Amino acid sequence: MTKKKSTVPFSKRLKEARLRAELTQHQLGVLAGIDEDNASAKMNQYEKGIHIPKYERLRDLAKALNVPTAYFYAETDELAELLINYSMLNRKQQVNLLKKL
């Protein structure tokens, strides 16, 4: 029995963020709290869409990559970029931006 690949944008976003952070799969896995012996394999499965992590692990990955958790589920590249840029603003800047919108 073969495993069906996920169509959730998570896998694409995870790999994009990891490469942007200049981390290996192993390094990211360890930073996110995955056991060193399994870090590379687990991250590979995530990036290939074989497995999607539970929310707690997803949150750890986001923290390690300095991206908002919602970034992993952005359906378009534009929305993903918007989420990244918004998260880099301080609270006052975020509030001001939302008022302008």
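The values are calculated or read from the model by the stated rules, or taken from the named source; none is laboratory data. Please read these numbers as outputs of a predicted model, since none were measured by experiment. Note that each Cβ is placed from the backbone with ideal geometry, even for glycine, and that neighbours are counted across all protein chains shown. Heads up: the accessible areas ignore ligands, DNA and RNA and are worked out on the full protein's heavy atoms, side chains in. Shrake-Rupley method; radii C 1.70, N 1.55, O 1.52, S 1.80 Å.
Between LEU31 and TYR73, the simple spin-label model (points 7 angstrom out along Cα→Cβ) gives 2.3 nm.
How fast does the chain diffuse by Stokes-Einstein, in µm²/s, taking the Kirkwood radius from C-alpha pairs at 37 °C and 0.692 mPa s? Before the final figure, lay out the partial values.
Working: Rh = 14.3 Å.
It diffuses with D of about 229 µm²/s by this estimate.
For the stretch 56-70, the Karplus equation 6.51 cos²θ - 1.76 cosθ + 1.60, evaluated at θ = phi - 60°, returns couplings of 4, 5, 4, 5, 5, 5, 4, 5, 5, 9, 6, 10, x, 4, 4 Hz by residue, with Gly and Pro reported as x.
The solvent-accessible area of GLU16, taken with every protein chain present and a 1.4 Å probe, is close to 60 Å².
With just the Cα atoms defining each centre, how far is the stretch 15-36 from the stretch 68-101? Give it in Å. Taking the Cα centre of each part, the stretch 15-36 and the stretch 68-101 sit 22 Å apart. Tally Lys/Arg at +1 and Asp/Glu at -1 over every other residue whose Cβ is under 15 Å from the Cβ of LEU82; what's the total? Taking every other residue near LEU82 into account, the sum is -3. For the pair ASN90 and LYS63, label points projected 7 Å from Cα toward Cβ lie 2.4 nm apart. Non-local lysine pairs in the chain, meaning eight or more places apart or on different chains, with alpha-carbon distances under 14 Å, amount to 8.
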